[in-house]
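Enquirer: Can you keep this structure in mind? I'll have questions shortly.
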Amino acid sequence: MDIHHLLRMANQIGTFFEAMPARDQALQEVAQHLRKFWEPRMRRELLAHLDAGGAGLLPIVAEALCAHRALVEPPATAGSH
């Protein structure tokens, strides 16, 4: 999947939840949305991009991924070590 497309979608999610008055809750909502609606491959690619510096991610998205990585990170697949 094109990382620019993933960044655009992730940033749209971040923009939506950034309006919430409670920052901690907004960060959790971003992470929960990604977990619920993004397939594992998409989440893995987004996290890999974050680990490579996260260029293009809105601060709220990067912060949500860092704060709630365990929630967003897909479980290890069988055969991956």
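The values are calculated or read from the model by the stated rules, or taken from the named source; none is laboratory data. As the structure is a prediction and not an experimental result, all values here were calculated from the model. For neighbour counting, all protein chains shown are included, and Cβ atoms are generated from backbone atoms with ideal geometry for every residue, glycine included.
Enquirer: Please determine, by comparing only the residues of the range 58-74 that are out of contact with any Gly (no Cβ under 6 Å at 6 or more places or on another chain) and hydrophobic (A, V, I, L, M, F, W, C), which one is surrounded by the most Cβ atoms within 10 Å (Cβ to Cβ). Give the steps one after another, and end with the answer.
Expert: Restricting attention to the range 58-74, the residues satisfying the condition of being out of contact with any Gly (no Cβ under 6 Å at 6 or more places or on another chain) are 59, 63-74.
Now narrow it down to the ones that are hydrophobic (A, V, I, L, M, F, W, C): 64-67, 70-72.
Working: Ala64: 28, Leu65: 26, Cys66: 14, Ala67: 16, Ala70: 7, Leu71: 15, Val72: 23.
Applying the filter and picking the extreme gives Ala64.
Enquirer: Among the residues of the range 32-53, are any within 11 Å of the chain's Cα centre (by Cα) and among the polar types (S, T, N, Q)?
Expert: Looking for residues that are within 11 Å of the chain's Cα centre (by Cα) and among the polar types (S, T, N, Q), one finds at least one in the range 32-53, hence yes.
Enquirer: Would you be able to say whether some residue in the range 42-51 is of a type outside the set (A, V, I, L, M), part of a helix (DSSP H, G or I) and exposed (fewer than 14 other Cβ atoms within 10 Å of the Cβ)?
Expert: If we filter the range 42-51 for residues that are of a type outside the set (A, V, I, L, M), which is where we start, we get 43-45, 49, 51.
Filter once more, so that each one left must be part of a helix (DSSP H, G or I): 43-45, 49, 51.
With the extra rule that they be exposed (fewer than 14 other Cβ atoms within 10 Å of the Cβ), the set shrinks to 51.
Checked the range 42-51: at least one residue is of a type outside the set (A, V, I, L, M), part of a helix (DSSP H, G or I) and exposed (fewer than 14 other Cβ atoms within 10 Å of the Cβ).
Enquirer: Further question on the same structure: What is the number of the single condition among (1) over 11 Å from the mean Cα position of the chain (by Cα); (2) in a loop (DSSP other than H, G, I, E, B); (3) at pLDDT 95 or above that Thr15 does not meet?
Expert: Tallying (1) over 11 Å from the mean Cα position of the chain (by Cα); (2) in a loop (DSSP other than H, G, I, E, B); (3) at pLDDT 95 or above, Thr15 fails exactly one: (2).
Enquirer: Do the conditions hold for Ala55, that is, is it at pLDDT below 95, loosely packed, with under 15 Cβ neighbours inside 10 Å and assigned to a loop (DSSP other than H, G, I, E, B)?
Expert: Values: at pLDDT below 95: no; loosely packed, with under 15 Cβ neighbours inside 10 Å: yes; assigned to a loop (DSSP other than H, G, I, E, B): yes.
When the stated conditions are applied, Ala55 does not pass them.
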